[in-house]
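Here's the structure, in structure tokens; my notes come after.
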Amino acid sequence: MREKRYQVFSSHLKERFGGRVHKISVDAGFSCPNRGGTRNRPGCLFCDPDGSGAVGIDRGFPVTEQLERGKEIMVRKYKARHFLAYFQPFSNTNAPPAQLRALYDQALGVEGVVGMAVGTRPDCLPAEVLDLLGEYHRRTYFWLELGLQSIHDKTLGYLRRGHDYATFLQACHGARERGLRLCVHVILGLPGEDRAMMLETAAELARLRVDGIKIHLLHVLEGTPLGDLYRQGQVPILEQAEYVELAADFIERLHPATLIHRLTGDGPRDILLAPLWSLNKWEVLNAIDDELERRGTRQGSRVQGR
Ligand code: SF4
């Protein structure tokens, strides 16, 4: 296998735990403040009815059972032994601390679960919740995953994110104070953003030295407000070659130590409207590797003053 020119999260996990670690997504029943505290109101432009969640979650079962079912599949397919519980859809800090604790503890009680990741919004992290997350950080291998998408307020407004960049910075600061590992989600190819704007997001995240990043490609799903705009011809979609170039540009501007948890986006096949080329995930990832190799650059190559 050729040498990767960026920090691959799965390799980091393998090193740390002495073997492959499989992430299992769970839906603990949370709602989202940006959907009016429910699951039914529209929220972010790209949010699907399942709260931008993963496919294959056994919703409706308790957390423990969702994990046991996920484990069963992973063990059968990959002889997996180590797992991360990933509280993924909606906003997984949107409850009082006692309720959060009960749900998080269920996950850590499952055999083979070596850590957890909690996904949420920057405006859903009051001090008492951050304190609780700090406790889990000390107890286990813990990641806080924050949706940001872009550092540009104009874009955040267009996406109807319901928070601005300053709110993200505040959350980032609160997480840092408690020593939390922070993984930030961004999207490349957002309407209204040119290359320079996207690369400003990379440079800012390098400045902040975030611990991890998920780079998503803008993909349009059926049943989302973005899907409606796309059908009206209002959402330009990147070609694969454009995305590959942008992703390489973005990686070059990230801090060399930031772990890359994800490098493309592959929405659920049955509701993906565009771009369909994103379904060929390995082709996209290989093309990004090829591009970095062709340039002779790597993650951090264009970070100034590092
Ligand atoms: S913050 Fe997440 S769950 Fe809430 S509306 Fe936006 S994408 Fe959906």
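When segment 138-189 is filtered for residues that are in contact with a Phe, Trp or Tyr (Cβ under 8 Å, 6 or more places away or on another chain), aliphatic (A, V, I, L, M), more than 16 Å from the ligand (Cβ to nearest atom) and within 23 Å of residue 114 (Cα to Cα), the ones remaining, listed by number, are 180, 182. Taking residue 258 as the residue in question, decide whether it is touching a residue at least 40 places away in the same chain (Cβ under 8 Å) and buried (at least 20 other Cβ atoms within 10 Å of the Cβ). Yes: the conditions hold for residue 258. When residues in segment 81-120 are screened for being among the aromatic types (Phe, Trp, Tyr) and more than 16 Å from the ligand (Cβ to nearest atom), 2 of them pass. Quick one: in segment 40-55, which of the residues that are closer than 28 Å to residue 279 by Cβ, more than 16 Å from the chain's Cα centre (by Cα) and surrounded by fewer than 17 Cβ atoms within 10 Å (Cβ to Cβ) is nearest to the ligand (Cβ to nearest atom)? In this case the residue turns out to be 42.
Could you list, in sequence order, all residues of segment 241-259 that are aliphatic (A, V, I, L, M) and in a loop (DSSP other than H, G, I, E, B)?
Matches in segment 241-259: 254, 257.
Please work out if residue 237 is surrounded by 21 or more Cβ atoms within 10 Å (Cβ to Cβ) and β-branched (Val, Ile, Thr). Against the criterion (surrounded by 21 or more Cβ atoms within 10 Å (Cβ to Cβ) and β-branched (Val, Ile, Thr)), residue 237 does not qualify. Taking the criterion of being assigned to a loop (DSSP other than H, G, I, E, B) and near the ligand (Cβ under 9 Å from one of its atoms), the residues of segment 26-39 that qualify are 30, 31, 39.
This table checks each residue for (1) assigned to a loop (DSSP other than H, G, I, E, B); (2) surrounded by fewer than 18 Cβ atoms within 10 Å (Cβ to Cβ); (3) without any contact (Cβ under 8 Å) to a residue 60 or more places away in the chain.
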position	(1), (2), (3)
169	no, yes, yes
182	no, no, yes
190	yes, no, yes
198	no, no, yes
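Mind checking which residues of segment 260-275 are within 21 Å of residue 145 (Cα to Cα) and part of a loop (DSSP other than H, G, I, E, B)? So that I can check it myself, show each step before the final result.
Going residue by residue through segment 260-275, those that are within 21 Å of residue 145 (Cα to Cα) are 260-268.
263, 264, 265, 266, 267, 268, listed by residue number.
Computed from the coordinates by the stated procedures, all read-outs in this text should not be read as laboratory data. Being a predicted model, the structure only gives us computed values, none of them experimental. We place every Cβ from the backbone using ideal geometry, glycine too, and count neighbours over all the protein chains shown.
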